[in-house]
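Before any comments, here is the structure.
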Amino acid sequence: MPTLKKARAIRPGATVGIAAPAGVVDPDRLEAGEQMLRRLGFEPMRRADLVERKGYLAGDDERRAAELMELVRDPDVEAIVCARGGYGSSRIIDRLDAAEFRAARKPLVGYSDITTLLLWQRRAAGLMGIHGPMLEHSAPLCAEVTTSLVRALTGTGPPQRLAGRTLTGGWAEGRLTGGSLSLAVASLGTPWEIDTRGAILMLEDIGEPPYRLDRLLQQLHWAGKLTDVAGVGIGSMCRCDDDRYPDLDVEAVLQGALEPLGVPVVTGLPFGHDAANLCWPHGGRAAIDGDRGEIELLESAVAAR
């Protein structure tokens, strides 16, 4: 694995490239996302064919991979924000050039299916990324989220604390990794397999009922990915309830799988498939305080040029 590097911080007025490496993009939501970037002081740029459709994908694999590599290579583009997740990032990995990603050092922002790209980028290119909001939202992002995005891209502002709820007490420090629980599990056995040794494992997901969350966590357990974690941070588990089994809800599943680890665990953190999707540096150092129910971000994913 290459030595971990930070992306380059961007400047006010910077050109931000928009990529669609996964699912189909809604044109109206895309336009609203472009307007949001302009309000934040950036200039969005994208290919005209970004809104193409091939079934559940934003065009064929060649189009999506070429688009992403063009943004990496374009000297006028300073950062890349993904339009949406869905599915498809894993289909283009073999068409991406890790050396060019590393040389360009451009902040890459996304979550959900983009977990795959963040894991691949860290493992193959040795480059930090930003787990944060994309442009698929039907409602405008709240001020807290947009402020978080600007700070993540520019490397400005005081250290941020993500506040949640205590599941297991204790204190630890480590590098942040993870993202979507289902995509973290899907990385097992691949060249971009998640590395959790000494890490604070950050997990969120959407539409996974408790029994499936249990299965995913058990797979991480049996793959040895929970053995050496420093701590666990749980974000939004959106629409993960199941009325058929009210006595075993999400919190009960998390407690049963994570409490025996003996490391600090904080739930209810503001990231994931919910309105409060604050940025955190994928690969950046952080401290988790289980007693206070919070995670302190100790470094940014970007650095001055």
| remark: Apart from one, (1) touching a residue at least 24 places away in the same chain (Cβ under 8 Å); (2) assigned by TED's automatic domain parsing to the domain that holds Tyr87; (3) of a type outside the set (S, T, N, Q) all hold for Ala143; the odd one out is (1)
| query | All but one of (1) surrounded by fewer than 19 Cβ atoms within 10 Å (Cβ to Cβ); (2) over 24 Å from Ala152 (Cα atoms) hold for Met45; which doesn't? | reply | (2)
| message | Looking at Gly59, Gly41, Gly13 in this structure, which one is within 28 Å of Thr190 (Cβ to Cβ), among the small types (Gly, Ala, Ser) and not in a helix (DSSP H, G or I)? | response | Gly59
| query | Do the conditions hold for Met36, that is, is it more than 21 Å from His137 (Cβ to Cβ) and either assigned to a helix (DSSP H, G or I) or acidic (Asp, Glu) (or both)? | reply | no
| query | Has the stretch 262-285 got any residue that is within 19 Å of Leu188 (Cβ to Cβ), surrounded by fewer than 18 Cβ atoms within 10 Å (Cβ to Cβ) and more than 19 Å from the chain's Cα centre (by Cα)? | reply | no
| said: Is it the case, given these coordinates, that Ala125 is in contact with a Gly (Cβ under 7 Å, 6 or more places away or on another chain) and within 21 Å of Arg285 (Cβ to Cβ)? | reply: no
| message | Take Ala124 and tell me if it is part of a helix (DSSP H, G or I), under 13 Å from the mean Cα position of the chain (by Cα) and not charged (D, E, K, R). | response | no
| Where residues in the stretch 196-236 are among the acidic types (Asp, Glu) and surrounded by fewer than 24 Cβ atoms within 10 Å (Cβ to Cβ), which of them is nearest to Gly86 (Cα to Cα)? | Glu208
| Any pair with Cβ under 9 angstrom, 6 or more apart, that starts in the stretch 41-60 at a residue that is over 18 Å from Gly85 (Cβ atoms) and of a type in the set (Phe, Trp, Tyr) and ends at one that is at pLDDT below 95 and part of a strand (DSSP E or B) | none
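The values are calculated or read from the model by the stated rules, or taken from the named source; none is laboratory data. Being a predicted model, the structure only gives us computed values, none of them experimental. In this analysis, Cβ positions are derived from the backbone assuming ideal geometry, glycine residues included, and neighbour counts consider all displayed protein chains.
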